[in-house]
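**Q** After the structure tokens below, expect a handful of questions from me.
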């Protein structure tokens with residue numbers, strides 16, 4: 001790497017780090033973040049038990065467990081994902097540089113550095129940044145193997161070992177890792193490289209063997225997803241939303257969503273048309289394209305076979321590869337000015353998205369900390385704090401672990417019934433069967449509920465919220481405070 005190129009890359013990495021630490025401590029956590037914190041605080045054995053009953057492998061929780069030993073401050077916990085995400089950008093740069101050249105790689109790194117979805121998951125306390133890192137490592141090793149094969153160089157055994165290890169580690173991050181692991185197979189089938197495909201399959205058998213302890217649990221977790229999770233079957237709307245997320249962020253208010261959608265479609269069409277016209281590097285462009293398209297396409301198809309699993313965070317890796325392809329198009333089209341327009345469109349989508357994304361304070365990232373601060377000042381010994389469900393309870397438990405709290409159990413067998421009993425045991429957090437048991441005869445009760453839950457009962461079922469109705473029948477409401485879409489009621493006898 002030349003000195004000027006090194007300076008450009010360092011500048012891009014600096015920009016990426018700055019955008020990821022911006023407001024890192026003020027962005028509210030949500031239920032999934034809190035679940036990660038509460039489970040990772042337990043012993044390694046309890047983490048295994050809790051994840052086996054859940055749907056996510058334990059590797060991220062193990063890593064966060066040891067990371068928390070240094071500090072439990074929110075900015076420190078999120079810094080782990082920031083580092084992993086930046087590591088993925090380095091791997092993207094290296095992969096793109098080897099396949100398509102340094103200029104393309106620099107633009108790819110820049111697009112990933114300013115990508116709203118990458119910034120969002122770099123501040124997430126979930127396994128997706130770790131998953132993307134190991135997926136990028138897996139593709140980096142395969143890229144090396146392919147280049148050696150194409151130039152008829154001897155393929156080092158260590159490249160196969162690296163590919164197998166990174167693939168196995170990805171499987172211990174998330175079950176959806178399998179969709180990127182088989183992406184190179186599709187490419188080799190298209191190219192009819194049977195000998196290399198056979199070697200790849202042997203390496204993947206090693207991945208399956210290494211991941212076998214977790215893979216044995218997957219059938220039971222798939223069954224849980226079928227009964228206890230709900231996501232819409234993907235159609236045109238969901239596909240368009242996924243496309244927007246590769247350049248902008250969601251949700252966006254009003255006209256800003258329309259602008260983001262137009263920019264996203266414009267970029268996609270131009271990138272496809274310009275890449276299709278390129279005669280050079282077609283094989284390598286095909287390689288990145290196949291690896292980027294495989295996860296979302298397979299998830300789309302699978303969503304019509306089983307419970308829908310078409311969620312953009314499941315194919316976050318595709319966003320990196322899209323940045324690689326778009327970076328190549330910008331580099332090759334810069335002198336024709338079309339590259340400048342595409343780059344400017346990416347920047348515009350970022351400028352539209354990031355302010356709203358970083359300051360968004362509605363469900364599921366409601367202002368829990370502010371509500372907790374109010375309760376810490378107001379609550380007295382003997383008062384009861386009750387949550388309508390786990391979605392507000394878990395963030396409160398992170399922000400205020402010293403306040404005794406109860407939350408109402410999800411309706412058994414419903415799509416919301418996602419907190420397995422083994423996970424409850426692992427975290428030692430058990431819901432109350434009903435509001436009466438949660439109140440336990442207290443003289444004063446604080447009740448936390450999302451506005452959306454109240455509205456859903458009124459609109460979809462035509463009745464009052466059952467927990468509020470019970471409290472109104474047994475207590476007198478003396479106050480209610482609203483924190484955006486989160487309501488905290490006070491009831492007294």
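The values are calculated or read from the model by the stated rules, or taken from the named source; none is laboratory data. These figures come from a predicted structure and were not determined experimentally. As a convention, Cβ positions derive from the backbone with ideal geometry for all residues, glycine included, and neighbour counts pool all protein chains shown.
**Q** Please work out which residue is modelled with the lowest pLDDT, limiting yourself to the stretch 226-285 and to residues that are farther than 24 Å from residue 354 by Cβ and in contact with a helix residue (DSSP H, G or I) (Cβ under 7 Å, 6 or more places away or on another chain).
**A** Ranking the qualifying residues of the stretch 226-285, first place goes to 232.
**Q** Pick from 285, 272, 267: which is assigned by TED's automatic domain parsing to the domain that holds residue 143, crowded, with 21+ Cβ neighbours inside 10 Å and part of a helix (DSSP H, G or I)?
**A** 267
**Q** Name the helices (runs of 4 or more DSSP H) wholly within the stretch 17-116 that hold at least 1 residues that are at pLDDT 95 or above and assigned by TED's automatic domain parsing to the domain that holds residue 332?
**A** Helices (runs of 4 or more DSSP H) meeting the threshold: 74-100, 102-114.
Residue by residue, here is whether (1) at pLDDT 95 or above; (2) more than 25 Å from the chain's Cα centre (by Cα) holds:
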| site | (1), (2) |
| --- | --- |
| 325 | yes, no |
| 330 | yes, yes |
| 336 | no, yes |
| 341 | yes, yes |
| 344 | yes, yes |
| 349 | yes, no |
| 356 | no, no |
| 362 | no, no |
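**Q** Here's a check for you: in the stretch 203-225, which residue that is touching a helix residue (DSSP H, G or I) at 6+ places or on another chain (Cβ under 9 Å) and in a loop (DSSP other than H, G, I, E, B) is modelled with the lowest pLDDT?
**A** Checked the stretch 203-225; the qualifying residue modelled with the lowest pLDDT is 217.
**Q** Looking at residue 471 and the list (1) under 14 Å from residue 375 (Cβ atoms); (2) in contact with a strand residue (DSSP E or B) (Cβ under 8 Å, 6 or more places away or on another chain), which single condition is not satisfied?
**A** Residue 471 satisfies every listed condition except (1).
**Q** Also: I'd like the residue in the stretch 437-481 that is closer than 24 Å to residue 376 by Cβ and exposed (fewer than 11 other Cβ atoms within 10 Å of the Cβ) and, out of all such residues, is modelled with the lowest pLDDT.
**A** The qualifying residue modelled with the lowest pLDDT is 441.
**Q** Which of (1) in a helix (DSSP H, G or I); (2) under 20 Å from residue 313 (Cβ atoms); (3) in the same structural domain as residue 159 (by TED's automatic domain parsing) does residue 124 not meet, given it meets every other one?
**A** (1)
**Q** Which residue, of 170, 164, 108, is closer than 30 Å to residue 351 by Cα and surrounded by 21 or more Cβ atoms within 10 Å (Cβ to Cβ)?
**A** On the way: 170 fails: closer than 30 Å to residue 351 by Cα; 164 fails: closer than 30 Å to residue 351 by Cα.
After ruling out the rest, the residue left standing is 108.
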